Amino acid sequence: MATHTDYMDAKRAEETAVKLSSEGLISGHERDRAKDKVEEMTTRYDSECKRLALLEHSAEARSIPSSD
């Protein structure tokens, strides 16, 4: 799932930004921007996981033979 890759990339970028910010190599603004991206990707990833679960549940419900 591409969203998972985007989420993991955002987490790695935030970790890097925090480290570089603590060393004074980037601004706090850039660090905060990386944090915002992680929050956005967390929301998107969670939404996509819920959507996938709903689709799987729906597919399972359609494939259950009726007991008529």
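The values are calculated or read from the model by the stated rules, or taken from the named source; none is laboratory data. From a predicted model like this one, the values you see are computed outputs, not experimental measurements. Cβ atoms come from the backbone with ideal geometry, glycine included; neighbour counts cover every protein chain shown.
Here are the numbers:
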| quantity | calculated |
| --- | --- |
| Close pairs from the range 37-65: first within 17 Å of A13 (Cα to Cα), partner of a type in the set (F, W, Y) and surrounded by 10 or more Cβ atoms within 10 Å (Cβ to Cβ), Cβ under 6 Å, at least 6 apart | M41/Y7; Y45/Y7 |
| Residue match in the range 3-11 (condition: of a type in the set (S, T, N, Q), modelled with pLDDT under 95, surrounded by 12 or more Cβ atoms within 10 Å (Cβ to Cβ) and assigned to a helix (DSSP H, G or I)) | yes |
| Output for the range 12-31, where each listed residue is assigned to a helix (DSSP H, G or I) and more than 17 Å from the chain's Cα centre (by Cα) | T16, A17, V18, K19, L20, S21, S22, G28, H29, E30, R31 |
